[in-house]
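Scroll down for the structure; my scribbles are underneath it.
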Amino acid sequence: MNFDELKALDHAHTLQTYGRFDVDIDHGKGATLWSLAGREYVDFTSGIGVCSVGYGNETWAKAIYDQALKLGHISNLFYSQPYARLAETLCRRTGMAAAFFGNSGAEANEGIIKLARKYSFDKYGAGRSNIITLNNSFHGRTLTTLTATGQDVFHQYFFPFMEGFRYADANDLDSVKAQGGKDTCAVLVELVQGEGGVLPLEKEFVRGLAELCAQRDWLLLVDEVQTGVGRTGTLFAFQQYGIEPDGVSFAKGIAGGLPMGGFLVHARCRSVLGPGTHASTFGGNPVCAAAAQAVLDILDETALAEVAGKGNYLRRGIEALNKKSIGATRGLGLMIGIEVKAGYTNKALAAQLIDGGLLALTAGPALRLLPPLTITKKEMDKGLAIMDKTLE
Ligand SMILES: *Cc1c(COP(=O)(O)O)cnc(C)c1O
């Protein structure tokens, strides 16, 4: 099959919900990808922050193969080792008390939203179910997480949306206080707003938020679907902010490319979701759990310590290019946003980069880079050279 045949097949039979780039990807190794026709691309996207340990990683692939041969799936009504071992590893490396596994980011956020509402119901009864999220946030595509998302463009067509969310401004504690009330049970934030444009929250705001939550007995929920699993240089971003959240969701990078999400709860909340209150048929599937275990083994403390250095190297390299179309960089670790200058659009620049052989993403008005965490200096240099050659 060539690219034109593939495109025709896709257009004929799939819902056209994605604004796809005019490129196909057939296979990859490390941080390099190839199309059907053999065109080479340096990858600064890792899916969308999913392929955390790169493409064709042998340790990861072997863990999947071995587990698939041994036991591909078993209902959560039975105990199985991969689920329990993965939960233990995550708790040990984060200080959180317990894990639940599902299949995606939106679903993980639904889980921590349920956690907050049940915590509050158990303690205070009905009527205390409102959750404050931030303007410009992104929390997913299910009806509830669309409502949680603090961007009006997501609140269209699919009425009625879920009740029970109010929106405050990022880095403005007074705005959060103004949105809070007797009916509030939690605050849900991304520590680096991803889809909104790679905007890290200020540390002082986040510490203030944690104090406010503790005073009012609101749960502090952190959406680490994009920032989690080493992306920002620590296993989870909250570990750099000096806070102890009540619930933390994760997904994207956790299983290195297999579909998995989930959440961690603090000891304060470990008995909130008891038998029968939450479940998932596929959640914590042995193959996905084995893949996640391999990802966490690969992303040991040494590998995580390199993420910040790689991020700084890329950011310095990009700023040194001195291009008319792009400005300052921002972000945390290997989650990088690049300002797009007036007169240029991020979509056109991303298309131009892809045309030149470098895969890049957009977020809000910015360009966004989420390379595999295992990317090498050589691969980063190759990507920077393509940026230099391609951008005005
Ligand atoms: C991607 C993302 C989600 C949604 O994850 P899905 O797996 O697509 O459901 C939620 N929150 C954040 C911060 C994300 O980046």
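Here are a few things to note about the model shown:
- Residue within segment 140-147 that is more than 16 Å from the ligand (Cβ to nearest atom), surrounded by 13 or more Cβ atoms within 10 Å (Cβ to Cβ) and closer than 22 Å to Val265 by Cβ present: no
- Residue in segment 260-271 that is charged (D, E, K, R), within 20 Å of Thr59 (Cβ to Cβ) and assigned by TED's automatic domain parsing to the domain that holds Asn103 present: no
- Within segment 104-114, restricting attention to residues that are over 12 Å from Phe250 (Cβ atoms) and either near the ligand (Cβ under 10 Å from one of its atoms) or touching an Asp or Glu at 6+ places or on another chain (Cβ under 7 Å) (or both), the residue that is least open to solvent (accessible area, probe 1.4 Å) is Ala106.
- Enumeration of residues in segment 119-131 that are open to solvent by less than 10 Å² (accessible area, probe 1.4 Å) and away from the ligand (no atom under 16 Å from the Cβ): Ser120
- Hey, Ala385 in contact (Cβ under 8 Å) with a residue 12 or more places away in the chain, open to solvent by 30 Å² or more (accessible area, probe 1.4 Å), closer than 14 Å to Tyr41 by Cβ and out of contact with any helix residue (DSSP H, G or I) (no Cβ under 6 Å at 6 or more places or on another chain) or not: no
- Check on Gly309, surrounded by fewer than 23 Cβ atoms within 10 Å (Cβ to Cβ), modelled with pLDDT of 95 or more and more than 26 Å from Phe238 (Cβ to Cβ): no
- Leading residue by the ranking (surrounded by the fewest Cβ atoms within 10 Å (Cβ to Cβ)) among those in segment 253-263 that are hydrophobic (A, V, I, L, M, F, W, C) and out of contact with any Phe, Trp or Tyr (no Cβ under 7 Å at 6 or more places or on another chain): Leu258
- Test: residue in segment 190-204 that is open to solvent by less than 10 Å² (accessible area, probe 1.4 Å), assigned by TED's automatic domain parsing to the domain that holds Thr145, more than 15 Å from the ligand (Cβ to nearest atom) and touching a residue at least 24 places away in the same chain (Cβ under 8 Å): no
- The set of residues in segment 264-293 being open to solvent by 10 Å² or more (accessible area, probe 1.4 Å), within 16 Å of the ligand (Cβ to nearest atom) and outside any loop (DSSP other than H, G, I, E, B) consists of Cys288 alone.
The values are calculated or read from the model by the stated rules, or taken from the named source; none is laboratory data. Quick caveat, the model's predicted, so the values are computed rather than measured. Please note: Cβ atoms are built from the backbone with ideal geometry, for glycine as well, and neighbour counts cover all protein chains shown. Calculation scope for accessible area: heavy atoms of the full protein, side chains included, ligands and nucleic acids excluded. Shrake-Rupley method; radii C 1.70, N 1.55, O 1.52, S 1.80 Å.
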